[in-house]
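Here's the structure, in structure tokens; my notes come after.
The values are calculated or read from the model by the stated rules, or taken from the named source; none is laboratory data. The structure displayed is predicted, hence computed values, not measured ones. With ideal geometry, Cβ positions are generated from the backbone for all residues, glycine too; neighbour counts draw on all protein chains shown. Surface areas here come from the heavy atoms of the whole protein model, side chains and all, with no ligands, DNA or RNA. Shrake-Rupley method; radii C 1.70, N 1.55, O 1.52, S 1.80 Å.
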Amino acid sequence: MLITTTEGGIPTQRTENDLVDQIDVSRIQLNDAREATPEPTQQSTLFPKITGRVDELIENYTYKFGTSHPTIKLTGTVKLHGTHADIVVEPDNTVRIQSRNRLSLDIEHDNYNVAASLLPLRKVILELKDRAVDKWHQLNCPEKLEEDEPVILAGEWIGPGVQKKVAIANLLKRCFVILAVSVNGEWQDGEEYAKIHNETAGIYNISRGGFYREDLDFKDPETLDRCKEKLMGHTVEVEKQCPFAKSFGISGIGEGIVWKAHYPLSQDPRFWLKTKGPEHRHTQTDKLKKDEMKAGASVRAKTFAEAAVGEMRLQQAWDYLSEMGIKRDKSATQAFNQWLVKDVEVEEKKGILDMEVEKAALKKAIGVIGRTWYFKKLGEI
């Protein structure tokens, strides 16, 4: 089955196996509808990757529209540090829970108990789906809804025990937060769908944390730098105090902001951008300068790998193994490193090209860093 994803901000078709590093992980289906989420039968609904590079967002914009109007209007929402999960409602009202990399979760193959917690809420979920569809009809009448498209409530599963060192970890209990809504095969305007939630049932909307607005003006380097500083200014404030957590009366740090170009551009994930505070950045490659990189393929690759593979990215690879149901022992070292290499190749694509880093040497350098960290982590558990 072909799957449309974004690599370096550009839509790419791959197979589902590519997305899981060709690791065969069985998915056990249970008979109890409350405990099992069915296998999807249509094109993948996996959530798209979001670029963390302003320059990549601008490249995508200018490729589509040229440079005659060098301003992108952005709306931002708080980026939550939990684990990604989506509620997918098929046209026949089958409810499926998926994670970042798995199309189907159930009790046996869950991720922080998100499927076990959400699948019993079928009645609530279908009511939210109906509200989303009603909103779509209200905004798009007389256009007709495609009958074979699922409704996706993409979100984050947050709360105690999911992540550490963030304010939302101090919530009284875990909850699901809707970050984006897809109806009719397209991502919708987040502000228009801000009331799609059921807080009594533990399903919230990211709008609770408020909205940010900025113009990204790239008419010249100086103006662009000022705009980047504004984006980062908002981001640092979120890291100092998470607005979403504050809405619950909880003080503490947040992760960052997800920015989207104004609707209808925001239908396309190529025009989304994530900005993270210093404590949550996966990479420092943007600080590298080509003319300061030492000669020699292995040395350049080592320098780039050390900048690209930090604690946050390594921890994400560790979490990936759990998400995919892969036992975290020495036999999983290859899967761990495969995820690291692929993530760096996708997220750092532009930097790799700009710095003229040889991919084979980079893969080897990432492997050394990954193995060292992974074996140390195994010794701690």
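Here Asp86 fulfils each of the conditions (1) over 19 Å from Gly202 (Cα atoms); (2) among the charged types (D, E, K, R); (3) out of contact with any Asp or Glu (no Cβ under 6 Å at 6 or more places or on another chain) apart from (1).
Of the residues making up region 174-194, those that are among the β-branched types (Val, Ile, Thr) and more than 16 Å from Pro243 (Cα to Cα) number 2.
In region 125-142 there is at least one residue that is in the same structural domain as Pro264 (by the TED database), open to solvent by 10 Å² or more (accessible area, probe 1.4 Å) and modelled with pLDDT under 95.
Exactly one residue out of Ser207, Ser251 is surrounded by fewer than 17 Cβ atoms within 10 Å (Cβ to Cβ) and either at pLDDT 95 or above or assigned to a loop (DSSP other than H, G, I, E, B) (or both): that is Ser251. If I filter region 181-189 for residues that are open to solvent by 70 Å² or more (accessible area, probe 1.4 Å) and assigned by the TED database to the domain that holds Val54, do I get at least one hit? Scanning region 181-189 turns up at least one residue that is open to solvent by 70 Å² or more (accessible area, probe 1.4 Å) and assigned by the TED database to the domain that holds Val54.
The single condition among (1) without any contact (Cβ under 8 Å) to a residue 24 or more places away in the chain; (2) within 16 Å of Glu311 (Cα to Cα); (3) aliphatic (A, V, I, L, M) that Ile366 does not meet is (1). From the set of residues in region 65-98 that are charged (D, E, K, R) and buried (at least 23 other Cβ atoms within 10 Å of the Cβ), which is farthest from the chain's Cα centre (by Cα)? Filtering region 65-98 for residues that are charged (D, E, K, R) and buried (at least 23 other Cβ atoms within 10 Å of the Cβ), the one farthest from the chain's Cα centre (by Cα) comes out as Arg96. Scanning region 210-244 for residues that are open to solvent by less than 20 Å² (accessible area, probe 1.4 Å) and within 20 Å of the chain's Cα centre (by Cα) turns up Leu231, Thr235, Val238, Glu239, Cys242, Phe244. Can you confirm whether Ala167 is within 15 Å of Leu126 (Cα to Cα) and open to solvent by less than 10 Å² (accessible area, probe 1.4 Å)? No.
In region 233-251, the residues that are within 25 Å of Ile203 (Cα to Cα) form Cβ pairs under 6 Å with partners that are assigned to a loop (DSSP other than H, G, I, E, B) and open to solvent by 30 Å² or more (accessible area, probe 1.4 Å), at six or more places apart or across chains, as follows: Glu239/Ile253. When Ala317, Ala360 are checked against the criterion of being part of a helix (DSSP H, G or I) and over 20 Å from the mean Cα position of the chain (by Cα), Ala360 stands alone in meeting it. Residues that are under 17 Å from Arg281 (Cβ atoms), open to solvent by less than 10 Å² (accessible area, probe 1.4 Å) and in contact (Cβ under 8 Å) with a residue 40 or more places away in the chain: does region 321-342 have at least one? Within region 321-342, none of the residues are under 17 Å from Arg281 (Cβ atoms), open to solvent by less than 10 Å² (accessible area, probe 1.4 Å) and in contact (Cβ under 8 Å) with a residue 40 or more places away in the chain. Any chance region 239-246 includes a residue that's at pLDDT 95 or above and over 15 Å from His81 (Cα atoms)? Checking region 239-246: not a single residue is at pLDDT 95 or above and over 15 Å from His81 (Cα atoms). Of the residues making up region 269-287, those that are open to solvent by 40 Å² or more (accessible area, probe 1.4 Å) and either over 21 Å from Met232 (Cα atoms) or in a loop (DSSP other than H, G, I, E, B) (or both) are Arg281, Gln284.
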